[in-house]
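Undergrad: I am attaching a structure below and will ask some questions about it afterwards.
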């Protein structure tokens, strides 16, 4: 049986932790598993390297930053291979270029174009445990790239997709929860979740797994398991396709995203160029839009969007410095975005009504609202976060 | 004009030092130099990585060790490229595989088979400062290798050989001296030295430059300069071919190698297998032989060799543990090997006589002696080191 394991930075932060994972991998190998172990950089290595870079250049080039950061994962995988060898296990490390991860040339957030797993397959056939560096790839021209946030998860899922085997992602949380247990201690660990729900949870701030790796897993039907590193028994969450299970509950979980802002434009005359001018302003400020609302009332356009607090602040400063006349934006900060996610929403009606009735009953004002087929998102003032989560978790029995 | 600069680990130990070297390189670039900067790993990085490796595996595989250690140089070169970019200089870093260093597969001391400088040439033609990682290469199968001790010097010389340009090697010593100034403060810095002499000095323990890189420089006629990092004016040593200059002096310098031992075998009957059995014993103990003496007296073979103290100790322990009957070796430790080097020896006769008369006059006993065309080496007790160096330096006006 083939299997991909992925271990995050905190799981490989010390040589003791690396040894412990090596022992687990050695056990699996002895049981006959053909194992690929994907590792991130040790603990705070990446942050340390970024700090070094900032000392020589406040705005380092992304190509050089990628070359620098890629060394962190190479260190972990060679140490992991040595640890396995010390246990009598035949193991070999692979860097991004060795494991054939060809990417495009968008440094710091490259996309995988192709994976040449010939060598990896050969090592597995020879009975080796393959220890592959996460997060990194190489362009066709031989430049080192990195895959961006959560890149090691993407590496692991991509290898599993190529090998046609399951992927187990180990971190320092023990499962995906209905709600962040730090905010709602009564939250339940989910045994299963659909790819779609996990993607919504991820993109809406659950922070367990990046959307991109879940998307990749869905596309190639990779069975994903999320659990705590070296857990004695599997108490984590399996991400699988929607068809596999049926949840009677309309809402699977609530994801929480903090430090949000809403930026509202003053009403403008409606014409073809009004939206265009807004978007060029936003694009110029390099803002990642979150929710977008546009209503047309009495021939006027009311446009607003949500983004991070930080980006709202940057936009405000840019507008102040701009020589062109800028619209008088209304920016509301210190908001929290809550998102209720559940594939059941598609079939259960009335979820939105129950959400907003619950908020009204608790006298919690809510702002911008967006919905997808399997989610409802809205922003509230951050001081209402606990109260809102508590009330909604009870309402939907999470 | 094309030029290769090489900076050792202590010269790039901090980001401040990296910035200082970047400023120097930027200045050279502005003056029109097509510059390649070869860097070692920062300060004690390599030692730190070795210590990490030993924690997970007391005897790590050389393949994994090479992968691990190669990250040190990659970190330096990406930081150096960023530092240059912060000064407005177009710069690009290259790892071993990117700069096309194809080696054989002898991990930890690989030999260069071929260098594909196409990409490096292209970057230089584009006006970029190329910052190349020293010490590392890649096999034809894509495994990461390292070039062994002094490997970054070899990288620098090899690039200079391919580009047909001079190579300047910067360290924390300001020149090659006639004698180690810590032992003989009156020693003179050499303006020039021949490749042959430098090779002898290097292999005999001068520690400034590894023999291998000098050999390579000689083979390809690369002009080598050795000097102190960021020296305001050139006070270092130029290594050049013997024909270029003529020294009236028979001895150019004395090199000193400490912690030596002499291992003597009891006289054996002379037959074809006696030498073979000695060499198989030595090979089994993985000893680097230094000087070898074999005399045949009265049909008996007297065989002895010198090696490091450490290796003599290891050999002794191995023989104790061995089940086969072992010869009763006589091991003399705590010796110092002195070597007088000079191309003039080939034409000046009587150097050996002057050496041993000087030692006799000072009542310094000497042991094993070997000579080459341009050197005389012998071992003495370590407590006689200063006295012998002093007397010989005065005798030969060093």
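The values are calculated or read from the model by the stated rules, or taken from the named source; none is laboratory data. Predicted, not measured: the structure shown is a model, and the values here were computed from it. Neighbour counts run over all protein chains shown; Cβ positions are idealised from the backbone, glycine included.
Undergrad: Looking at this structure, is residue A:67 outside any loop (DSSP other than H, G, I, E, B), crowded, with 24+ Cβ neighbours inside 10 Å, within 7 Å of another protein chain (Cβ to nearest Cβ) and touching a strand residue (DSSP E or B) at 6+ places or on another chain (Cβ under 6 Å)? Talk me through it step by step, then tell me what you get.
TA: On the way: outside any loop (DSSP other than H, G, I, E, B): yes; crowded, with 24+ Cβ neighbours inside 10 Å: yes; within 7 Å of another protein chain (Cβ to nearest Cβ): yes; touching a strand residue (DSSP E or B) at 6+ places or on another chain (Cβ under 6 Å): yes.
Considered against the rule, which asks whether it is outside any loop (DSSP other than H, G, I, E, B), crowded, with 24+ Cβ neighbours inside 10 Å, within 7 Å of another protein chain (Cβ to nearest Cβ) and touching a strand residue (DSSP E or B) at 6+ places or on another chain (Cβ under 6 Å), residue A:67 comes out as yes.
Undergrad: Further question: Going by the conditions given, is residue A:29 outside any loop (DSSP other than H, G, I, E, B) and touching a strand residue (DSSP E or B) at 6+ places or on another chain (Cβ under 6 Å)? Full working, then the answer.
TA: Working: outside any loop (DSSP other than H, G, I, E, B): yes; touching a strand residue (DSSP E or B) at 6+ places or on another chain (Cβ under 6 Å): yes.
Yes.
Undergrad: For residue B:340, state whether it is in contact with a strand residue (DSSP E or B) (Cβ under 6 Å, 6 or more places away or on another chain) and within 18 Å of residue B:183 (Cα to Cα). Walk me through how you get there before you give the answer.
TA: Working: in contact with a strand residue (DSSP E or B) (Cβ under 6 Å, 6 or more places away or on another chain): yes; within 18 Å of residue B:183 (Cα to Cα): yes.
In short, yes.
Undergrad: Quick one: would you say residue B:38 is within 8 Å of another protein chain (Cβ to nearest Cβ), under 24 Å from the mean Cα position of the chain (by Cα) and either part of a loop (DSSP other than H, G, I, E, B) or within 18 Å of residue B:229 (Cβ to Cβ) (or both)? Quick ask: steps written out before the conclusion?
TA: Details: within 8 Å of another protein chain (Cβ to nearest Cβ): no; under 24 Å from the mean Cα position of the chain (by Cα): yes; either part of a loop (DSSP other than H, G, I, E, B) or within 18 Å of residue B:229 (Cβ to Cβ) (or both): yes.
No: the conditions fail for residue B:38.
Undergrad: Still on this structure, please answer the following. Determine if segment B:293-305 includes at least one residue that is in a helix (DSSP H, G or I) and at pLDDT 75 or above.
TA: First pass over segment B:293-305, keeping only residues in a helix (DSSP H, G or I): none.
So far as segment B:293-305 goes, no, none of its residues is in a helix (DSSP H, G or I) and at pLDDT 75 or above.
Undergrad: For segment B:104-112, state whether one or more residues are in contact with a helix residue (DSSP H, G or I) (Cβ under 7 Å, 6 or more places away or on another chain) and under 28 Å from residue A:50 (Cβ atoms). Even if it seems obvious, please write down each step before you answer.
TA: Narrowing segment B:104-112 to residues in contact with a helix residue (DSSP H, G or I) (Cβ under 7 Å, 6 or more places away or on another chain): B:107-108, B:112.
With the extra rule that they be under 28 Å from residue A:50 (Cβ atoms), the set shrinks to none.
No, there is no match, as no residue in segment B:104-112 is in contact with a helix residue (DSSP H, G or I) (Cβ under 7 Å, 6 or more places away or on another chain) and under 28 Å from residue A:50 (Cβ atoms).
Undergrad: Something else about it: Identify, please: which residue in segment B:48-64 is facing chain A (nearest Cβ under 7 Å) and not in a helix (DSSP H, G or I) and is, among those, surrounded by the most Cβ atoms within 10 Å (Cβ to Cβ)?
TA: B:60
Undergrad: Could you tell me whether residue A:75 is buried (at least 24 other Cβ atoms within 10 Å of the Cβ) and more than 15 Å from residue A:34 (Cα to Cα)? Spell out the reasoning first.
TA: Working: buried (at least 24 other Cβ atoms within 10 Å of the Cβ): yes; more than 15 Å from residue A:34 (Cα to Cα): yes.
The answer is yes for residue A:75.
Undergrad: Hey, among the residues in segment B:345-368 that are without any contact (Cβ under 8 Å) to a residue 60 or more places away in the chain and within 22 Å of residue B:305 (Cα to Cα), which one's surrounded by the most Cβ atoms within 10 Å (Cβ to Cβ)?
TA: Only one residue tops the list, namely B:355.
Undergrad: Something else now. Across segment A:115-134, what is the total count of residues that are assigned to a helix (DSSP H, G or I), touching a strand residue (DSSP E or B) at 6+ places or on another chain (Cβ under 8 Å) and within 14 Å of chain B (Cβ to nearest Cβ)?
TA: Let us first name the residues in segment A:115-134 that are assigned to a helix (DSSP H, G or I), namely A:118-125.
Checking which are touching a strand residue (DSSP E or B) at 6+ places or on another chain (Cβ under 8 Å) leaves us with A:119-120, A:123-124.
Next, only the ones that are within 14 Å of chain B (Cβ to nearest Cβ) stay: A:119-120, A:123.
Count: 3.
Undergrad: Can you find a residue that is within 20 Å of residue B:93 (Cβ to Cβ) and at the interface with chain B (Cβ under 7 Å from one of its Cβ atoms) anywhere in segment A:96-108?
TA: Within segment A:96-108, one or more residues are within 20 Å of residue B:93 (Cβ to Cβ) and at the interface with chain B (Cβ under 7 Å from one of its Cβ atoms).
Undergrad: If you go through segment B:135-152 one residue at a time, do you hit one that is assigned to a helix (DSSP H, G or I) and either within 26 Å of residue B:44 (Cβ to Cβ) or within 14 Å of another protein chain (Cβ to nearest Cβ) (or both)?
TA: Within segment B:135-152, one or more residues are assigned to a helix (DSSP H, G or I) and either within 26 Å of residue B:44 (Cβ to Cβ) or within 14 Å of another protein chain (Cβ to nearest Cβ) (or both).
Undergrad: May I ask you to say which residue of A:52, A:3, A:28 is closer than 30 Å to residue B:88 by Cα and modelled with pLDDT of 95 or more?
TA: Values: A:3 fails: closer than 30 Å to residue B:88 by Cα; A:28 fails: closer than 30 Å to residue B:88 by Cα.
That would be A:52, the only listed residue that is closer than 30 Å to residue B:88 by Cα and modelled with pLDDT of 95 or more.
Undergrad: Restricting to segment B:84-95, and then to whatever is part of a helix (DSSP H, G or I) and surrounded by fewer than 24 Cβ atoms within 10 Å (Cβ to Cβ), can you tell me which residue is nearest to the other protein chains (Cβ to nearest Cβ)?
TA: Taking segment B:84-95 as the starting set, the residues that turn out to be part of a helix (DSSP H, G or I) are B:84-86.
Subsequent filtering for residues that are surrounded by fewer than 24 Cβ atoms within 10 Å (Cβ to Cβ) retains B:85-86.
Details: B:85: 6, B:86: 4 Å.
Ranking the qualifying residues of segment B:84-95, first place goes to B:86.
For (1) part of a loop (DSSP other than H, G, I, E, B); (2) within 11 Å of chain B (Cβ to nearest Cβ); (3) at pLDDT 95 or above, each residue gets a yes or a no:
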residue	(1), (2), (3)
A:19	no, yes, yes
A:24	no, no, yes
A:43	yes, no, no
A:76	no, yes, yes
A:82	no, yes, yes
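A quick yes/no check of all residues on (1) modelled with pLDDT under 75; (2) surrounded by 14 or more Cβ atoms within 10 Å (Cβ to Cβ):
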| position | (1), (2) |
| --- | --- |
| B:274 | yes, yes |
| B:280 | yes, no |
| B:284 | yes, no |
| B:314 | no, yes |
| B:325 | yes, no |
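Undergrad: Would you check if residue A:194 is away from every other protein chain (no Cβ under 14 Å) and touching a helix residue (DSSP H, G or I) at 6+ places or on another chain (Cβ under 6 Å)?
TA: Yes: the conditions hold for residue A:194.
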